[in-house]
1. Filter segment 23-42 down to the residues that are closer than 19 Å to Cys5 by Cα and small (Gly, Ala, Ser) and list them by number.
2. Which condition number does Ala27 fail, the rest of (1) without any contact (Cβ under 8 Å) to a residue 60 or more places away in the chain; (2) among the hydrophobic types (A, V, I, L, M, F, W, C); (3) touching a helix residue (DSSP H, G or I) at 6+ places or on another chain (Cβ under 8 Å) being met?
3. So which residues in segment 20-51 are of a type in the set (Gly, Ala, Ser), closer than 22 Å to Lys74 by Cβ and surrounded by fewer than 20 Cβ atoms within 10 Å (Cβ to Cβ)?
4. So is Thr23 outside any strand (DSSP E or B) and out of contact with any Phe, Trp or Tyr (no Cβ under 6 Å at 6 or more places or on another chain) or not?
5. Do we have Leu30 as under 13 Å from the mean Cα position of the chain (by Cα) and over 14 Å from Arg92 (Cβ atoms) here?
6. What is the number of the single condition among (1) under 12 Å from the mean Cα position of the chain (by Cα); (2) not in a loop (DSSP other than H, G, I, E, B) that Gly12 does not meet?
7. Please determine whether any residue of segment 51-67 is assigned to a loop (DSSP other than H, G, I, E, B), touching a residue at least 24 places away in the same chain (Cβ under 8 Å) and not β-branched (Val, Ile, Thr).
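Bear in mind these aren't lab numbers, they're just calculated from the coordinates by the rules spelled out. Owing to the predicted nature of the structure, the values given are computational and were not obtained by experimental measurement. Here Cβ is always computed from backbone atoms with ideal geometry, including for glycine, and neighbour counts include all displayed protein chains.
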Amino acid sequence: MASVCTLAWVHGMVQGVGFRYSTQREAQSLGLTGYARNMDDGSVEVLACGEAGKVEQLIEWLRAGGPRSARVDKVLTEPHHPDREWTNFGIRY
């Protein structure tokens, strides 16, 4: 199965509500690598790498609103070609 990476920017009420940690748990349950980090504009950036179908499952989870405490207004995505190999799914600061 081909490995892909997708970069996503999640906009809405997604900071201060446990969004990165919930995203990390979801990504780990899907066997994905990458990271989630807060951005200065109030969005959360998510890099998800792994099996294409699993990456798409995470993107759909983000679009569906993520954790209950969050409110997702939009999710923008683009394919990504990382300059390094990710070994786990982490929280970046």
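1. Ala27, Ser29, Gly31, Gly34, Ala36
2. Among (1) without any contact (Cβ under 8 Å) to a residue 60 or more places away in the chain; (2) among the hydrophobic types (A, V, I, L, M, F, W, C); (3) touching a helix residue (DSSP H, G or I) at 6+ places or on another chain (Cβ under 8 Å), the lone unmet condition for Ala27 is (1).
3. Scanning segment 20-51 gives Ser22, Gly42.
4. On the way: outside any strand (DSSP E or B): yes; out of contact with any Phe, Trp or Tyr (no Cβ under 6 Å at 6 or more places or on another chain): yes.
Yes: the conditions hold for Thr23.
5. Values: under 13 Å from the mean Cα position of the chain (by Cα): yes; over 14 Å from Arg92 (Cβ atoms): yes.
Criteria met by Leu30.
6. For Gly12, the exception is condition (1).
7. Pass one, segment 51-67, residues assigned to a loop (DSSP other than H, G, I, E, B): 64-67.
From what is left, the residues that are touching a residue at least 24 places away in the same chain (Cβ under 8 Å) are 66-67.
Pick out the ones that are also not β-branched (Val, Ile, Thr) and you get 66-67.
Looking for residues that are assigned to a loop (DSSP other than H, G, I, E, B), touching a residue at least 24 places away in the same chain (Cβ under 8 Å) and not β-branched (Val, Ile, Thr), one finds at least one in segment 51-67, hence yes.
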